[in-house]
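One structure below.
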Amino acid sequence: MTWPACGTETAEPEPGPELLPRRGRDGSFSLYSVACDEGFHSAAGALREANEKFVVPAALERFVPGRELVVAEVAVGTGTNTAALLDAATTAGLGLDWWGLELDHRPLALALADAGFRAQWSAAVIGRLEGLSDGPRLWLGDARRRLPELLETLAGRCDLVLLDAFSPTRCPELWSREFLGQLVRLLRPEGRLLTYSSAAAVRRCLLELGLEVRAIRPPADEPERWSAGTAASFTPLAPHPALRPLEPFEREHLASRAGIAYRDPSGSATAAEILERRRREQERSAAPPGRLPRRPGRGGLGHSGGHR
């Protein structure tokens, strides 16, 4: 997660009203960021979202029990994705060599202080989260500055990379072509990047970086949604019930102005500067405007496109 100015590093932020507790329909703990005007999860709930967009598309069944997976997570937030993956990995007989990038320590602390959140997980998972919250594998600070350091340790080693920052229009710093270009260098050839975002600018960048891209299927009880996120890998993704190839209308959308990347060559631009640069590039572009049947936002917690 990035707070308060979505991608701007702050030193030891103090508690305040900027993060408001929320509950999803599944009863799971979540937060709403006043600064970013966006919720951390969809109205359906944090736990459901973690499983739908990260755990199930990770296809843990493809790994031999006993293996230790290397996982990098960008925007750890409340730790729900981490906990869900830890829980599923334990069930599958897998270990996790986990690393996380996060700006603000408070969301995880707030989750661990919530009785409902703790009740969702086994004592082992809670213990692991508590260890991560002040351990050497959770790297605090602006992810743009910390990612090059992480690459020194994990380049080409990650089985999974989870990208769950605030939405591109709120936090373009962590969806720029430059940031994505570094992020995918963490992956093993058969490693898998997973994100809730279905944005054309994100998918087109991943394709241009040489990855195969597939859509994450929405749940059957939400037939109006056409995508629940994106999975990408340098190696062709094996068929999986949670994944599907991009539809023709999605590929057409990538070629529209909506597919123009967010750019941050300096790695230090503000969100406003990145958004304005992209707006100017879209205005100059001869590509058609982007049109989709329905935007696959997370909906319901006051956000447009969602966070986690």
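Looking across segment 99-119, the residues that are closer than 27 Å to Leu183 by Cβ and either of a type in the set (Gly, Ala, Ser) or in contact with a Lys or Arg (Cβ under 6 Å, 6 or more places away or on another chain) (or both) come down to Trp99, Gly100, Leu101, Ala109, Ala111. For segment 161-176, the condition holds for no residue, the condition being that it is surrounded by fewer than 21 Cβ atoms within 10 Å (Cβ to Cβ), touching a residue at least 40 places away in the same chain (Cβ under 8 Å) and touching a Lys or Arg at 6+ places or on another chain (Cβ under 7 Å).
With respect to the conditions (1) within 18 Å of Ala50 (Cβ to Cβ); (2) among the aliphatic types (A, V, I, L, M); (3) free of Cβ contacts under 8 Å to residues at least 60 places away in the same chain, Ala155 lacks only one, and its number is (1). Test Thr230 against the stated conditions and say whether it is touching a Lys or Arg at 6+ places or on another chain (Cβ under 8 Å), of a type in the set (Val, Ile, Thr) and in contact (Cβ under 8 Å) with a residue 12 or more places away in the chain. Judged against the criteria, Thr230 is a match. Residue pairs whose Cβ atoms lie under 8 Å apart, separated by 6 or more positions or on different chains, with the first residue in segment 263-290 and touching a residue at least 24 places away in the same chain (Cβ under 8 Å) and in a helix (DSSP H, G or I) and the second loosely packed, with under 13 Cβ neighbours inside 10 Å and of a type in the set (Val, Ile, Thr), do not occur.
I'm checking my understanding of the structure. Among residues of segment 44-97 that are within 16 Å of the chain's Cα centre (by Cα) and charged (D, E, K, R), which one is surrounded by the fewest Cβ atoms within 10 Å (Cβ to Cβ)? Step by step, filter segment 44-97, then rank; the result is Arg48. Screening Met1 on (1) over 19 Å from Ser133 (Cα atoms); (2) in contact with a helix residue (DSSP H, G or I) (Cβ under 8 Å, 6 or more places away or on another chain); (3) modelled with pLDDT under 90 shows it passes everything except condition (1).
Is it the case that segment 42-65 has a residue that's touching a Leu at 6+ places or on another chain (Cβ under 8 Å) and at pLDDT below 95? Yes, because at least one residue in segment 42-65 is touching a Leu at 6+ places or on another chain (Cβ under 8 Å) and at pLDDT below 95.
Counting the residues of segment 202-237 that are in a strand (DSSP E or B) and among the hydroxyl-bearing types (Ser, Thr, Tyr) gives 2.
The values are calculated or read from the model by the stated rules, or taken from the named source; none is laboratory data. If you're wondering where the values come from, they're calculated on a predicted model, not measured in any experiment. Neighbour counts are summed over all protein chains in view; Cβ atoms, including those assigned to glycine, are modelled from backbone coordinates with ideal geometry.
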